[in-house]
Amino acid sequence: MIGMDGIVLAYRNIKERKTRSLLTFLGIAVGIAAIISLIAVGYGMQYAITEELVSFADTISVMPGKLIPGLGYVELGAFTERDIEDVRRISGVKDVTPLMYKMVEVEYRGERMPVQVMGADPCDLEEWYEEYVVFQEGRWIRERDYKGCMIGYNVAHEYFKNDIGLNDRITINESEFVVVGILEKASMVASSDLDPTIFLTTKSAQDVLGTDEVSMMMVKIRDIDRAEEIAEDIEEKIDENHNLEGFTEAMSMSSMMEQIGTVFMIIQVVLVGIASIALVVGCIGIMNTMLMSVMERTHEIGIMKAIGATNRNIMFLFLVEAGMISLIGGILGCILGTIVAKAICTIASAYMGMDMPAIVTPTVAIGSILVAILVGVVSGLYPARKAAMMSPIEAVRYE
Amino acid sequence: MSTMIRTVELTKTYRMGEIEVPVLRSVNLEINKGDFVAIQGPSGSGKSTLLNMIGCLDHPTSGTVFIDGTDTSTLNDDGQAKIRREKIGFIFQQFNLIHTLSALENVAFPMMFTGVAREKRIERAKELLGTLGLLERARHKPSELSGGEQQRVAIARALANNPPVILGDEPTGNLDTKSGKVMMDFLEKLNDKGETLIIVTHDPEIAARAHRIITMRDGILRDEK
Ligand SMILES: Nc1ncnc2c1ncn2[C@@H]1O[C@H](COP(=O)(O)OP(=O)(O)OP(=O)(O)O)[C@@H](O)[C@H]1O
Ligand SMILES: [Mg+2]
């Protein structure tokens, strides 16, 4: 028997049993789609998070305190003007953005709430958050906006009973400010910075908070590869200024990545977990459809035996057919899975406000199709073999 | 005259849980080349069982079947498949055509297993359908054919590999009298040309055409014509 006969016959069988074939394709496709879409979304998630973090790669955040694993951040003091000037002079430092923030009481239409106020140079602020800020209304604060402020989404819409609108007045520590800009809800990474915060210029922040202490510095560097080295220089310099060993914590993004390395590990583990669940679910689906569709053909296998087919002939015919069905089902599943993943990612991206693409790598696509073929063929051959092992008359009489 | 089929102490026992049901009890039978044998007997007497053993469609519990001199009990699965495709053409009461294939493809199908080239298979299948007056129905599916037509397709399929023996298990059982007669005329002509025919039947008219009648009763061959 020549291979071509097997292919022609398999094609005929698939074509003649349209409904059955369609159901089998679908059974396999759904299994593969589950694998593809879950992995694509998982990869997309990982990509999105990495991408957000990489945009901070040339940044060192400097804090007057210690990050103690398991306990969080303990503030030990504040930076001075001199610290900032000194850091600016360290070689490799491109730019320093001093930030001050504090929780203060804010009043709006007679209602008082504690809100985080951040003071910063508007130019720095704009440069810093440019990628993350989307305005609902209004504009960036400017250096001249001594009595102007920009507010995050939560401040505008969640903290107070009444929504705060553009040009409304709010009272911060007894001084009145005009809202010149209201931000949209921020993406996941920037959300904790932007959403709950009122932004002021450094000058008005100093006045309204009654202090010129700097709570934090964001340092941009020229060469990402030197991040660790520069971070050490910064710590050394400021510790020296304050005459206190371990006063400063300067964290480059790479060390930050290490800090959140566990998060990545968890994501990886979850991903592998999801993939294996998808694999199991998919394979059971494929096995089920294939077992059913071959088992119903026991009678036909009996006829084939009765007219002289050897067990090997029969196995070969079913191998080709199961392979063909699994291949088509696998390809359909890839397409279906990609569509589903795209849909999920589009919705998730919109919901989280960040760019989360559905990533279907060739390895995953080809791997899934191979899995479909392997599982399909094995679970198709099993009942075919069982039928072929029966005596011809037993198989012919099989209901 | 040489022997085509010979059974020696052929026994078949079905096991129904605890109970053993003997269906064939030491059947010794010899059928010559070119003979036309009718097997008769009451329902349940073991006629189909015997025919299935002769056709290598089932394994005996004990005893042997010789086909054209070959002891089939010594053959493995592949050997028995070879006997089935080269020596035997089996016609079932239920036709047992493959319903996804056309009449032509059904007839050509057994030749795939004997390694006949595709064009040759189709040529021979057409020729066979032609002799059975079914050329116009070649492209039809079994479901689009009448019972008589389906059985003629089944005969064509049984003849595809030119087997020396045709076995029919009540081949006219599902046909009207006229179709049954047409079919028997055809088989009789084959027999005239030297084909060995073994037909299980309840129909005395068909039995009357045979050269030899075997009657089965409770798994034992009783009397012969
Ligand atoms: N697979 C089986 N398992 C158990 N018993 C069986 C099996 N096949 C046949 N039998 C029994 O063997 C006996 C003979 O069956 P067989 O089909 O050979 O009869 P038959 O002479 O062909 O009858 P009929 O004229 O009705 O076709 C019957 O009693 C039947 O119940
Ligand atoms: Mg019977």
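Tell me which residues, restricted to segment B:157-169, are within 17 Å of residue B:95 (Cα to Cα) and either basic (Lys, Arg) or within 12 Å of chain A (Cβ to nearest Cβ) (or both).
Within segment B:157-169, B:157, B:158, B:159, B:160, B:167, B:169 qualify.
Checking the condition within 14 Å of chain B (Cβ to nearest Cβ) and in a helix (DSSP H, G or I), which residue from A:288, A:313 passes?
The match here is A:313.
Could you grab me the full set of residues in segment B:35-76 that are among the polar types (S, T, N, Q), within 16 Å of ligand 2 (Cβ to nearest atom) and more than 14 Å from chain A (Cβ to nearest Cβ)?
Of everything in segment B:35-76, those that are among the polar types (S, T, N, Q), within 16 Å of ligand 2 (Cβ to nearest atom) and more than 14 Å from chain A (Cβ to nearest Cβ) turn out to be B:40, B:43, B:45.
Could you list, in sequence order, the residues of segment B:19-51 that are part of a loop (DSSP other than H, G, I, E, B), near ligand 1 (Cβ under 8 Å from one of its atoms) and open to solvent by 10 Å² or more (accessible area, probe 1.4 Å)?
B:41, B:42, B:43, B:44
Could you list, in sequence order, the residues of segment A:171-213 that are within 24 Å of residue A:74 (Cβ to Cβ) and modelled with pLDDT of 85 or more?
A:196, A:197, A:205
Quick grid of which residues meet (1) surrounded by fewer than 18 Cβ atoms within 10 Å (Cβ to Cβ); (2) touching a residue at least 24 places away in the same chain (Cβ under 8 Å); (3) within 16 Å of ligand 2 (Cβ to nearest atom); (4) under 19 Å from residue B:55 (Cβ atoms):
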site: B:92; (1), (2), (3), (4): no, yes, yes, yes
site: B:112; (1), (2), (3), (4): no, no, no, no
site: B:123; (1), (2), (3), (4): yes, no, no, no
site: B:145; (1), (2), (3), (4): no, yes, no, no
site: B:186; (1), (2), (3), (4): yes, yes, no, no
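Table: residues versus (1) surrounded by fewer than 23 Cβ atoms within 10 Å (Cβ to Cβ); (2) modelled with pLDDT of 85 or more; (3) out of contact with any helix residue (DSSP H, G or I) (no Cβ under 6 Å at 6 or more places or on another chain).
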{"site": "A:8", "(1), (2), (3)": "yes, yes, yes"}
{"site": "A:15", "(1), (2), (3)": "yes, yes, yes"}
{"site": "A:33", "(1), (2), (3)": "no, yes, no"}
{"site": "A:50", "(1), (2), (3)": "yes, no, yes"}
{"site": "A:59", "(1), (2), (3)": "yes, no, no"}
{"site": "A:66", "(1), (2), (3)": "yes, no, yes"}
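Select from segment A:341-363 the residues that are over 17 Å from residue A:271 (Cβ atoms) and outside any loop (DSSP other than H, G, I, E, B) and list them in ascending order.
Result: A:342, A:343, A:346, A:347, A:349, A:350, A:351, A:352, A:362.
Can you find a residue that is within 16 Å of ligand 1 (Cβ to nearest atom), at positive phi and surrounded by 15 or more Cβ atoms within 10 Å (Cβ to Cβ) anywhere in segment B:52-62?
Looking for residues that are within 16 Å of ligand 1 (Cβ to nearest atom), at positive phi and surrounded by 15 or more Cβ atoms within 10 Å (Cβ to Cβ), one finds at least one in segment B:52-62, hence yes.
Out of all the residues in segment A:81-112, which are open to solvent by 60 Å² or more (accessible area, probe 1.4 Å) and either part of a strand (DSSP E or B) or among the hydroxyl-bearing types (Ser, Thr, Tyr) (or both)?
A:91, A:94, A:101, A:102, A:103, A:105, A:112, listed by residue number.
Mind listing whichever residues of segment B:195-206 are within 15 Å of ligand 2 (Cβ to nearest atom) and surrounded by fewer than 21 Cβ atoms within 10 Å (Cβ to Cβ)?
B:202, B:203
Which one of the conditions (1) open to solvent by 20 Å² or more (accessible area, probe 1.4 Å); (2) more than 16 Å from ligand 1 (Cβ to nearest atom); (3) more than 9 Å from every other protein chain (Cβ to nearest Cβ) does residue B:79 fail to meet, given that it meets all the rest?
(1)
When you scan segment B:82-111, how many residues do you find that are away from ligand 1 (no atom under 16 Å from the Cβ), under 19 Å from residue B:198 (Cα atoms) and more than 9 Å from every other protein chain (Cβ to nearest Cβ)?
1
Output the residues belonging to segment A:123-148 that are over 19 Å from residue A:191 (Cβ atoms) and crowded, with 20+ Cβ neighbours inside 10 Å.
Result: A:141, A:145, A:148.
Any chance segment A:376-388 includes a residue that's surrounded by 22 or more Cβ atoms within 10 Å (Cβ to Cβ), closer than 30 Å to residue B:91 by Cα and of a type outside the set (A, V, I, L, M, F, W, C)?
Within segment A:376-388, one or more residues are surrounded by 22 or more Cβ atoms within 10 Å (Cβ to Cβ), closer than 30 Å to residue B:91 by Cα and of a type outside the set (A, V, I, L, M, F, W, C).
Go through segment A:1-19 and count every residue that is within 21 Å of residue A:296 (Cα to Cα), touching a residue at least 40 places away in the same chain (Cβ under 8 Å) and more than 10 Å from chain B (Cβ to nearest Cβ).
Number satisfying all stated conditions: 3.
Looking at (1) within 16 Å of ligand 1 (Cβ to nearest atom); (2) at positive phi; (3) open to solvent by 10 Å² or more (accessible area, probe 1.4 Å); (4) not polar (S, T, N, Q), which is the one condition that is false for residue B:222?
(2)
The values are calculated or read from the model by the stated rules, or taken from the named source; none is laboratory data. Keep in mind the model is a prediction, meaning the values are calculated, not measured. Because the Cβ atoms are built from the backbone with ideal geometry, glycine has one as well, and the counts that use them run over all protein chains shown. Surface accessibility is based on the protein's heavy atoms, side chains included, excluding ligands, DNA and RNA. Shrake-Rupley method; radii C 1.70, N 1.55, O 1.52, S 1.80 Å.
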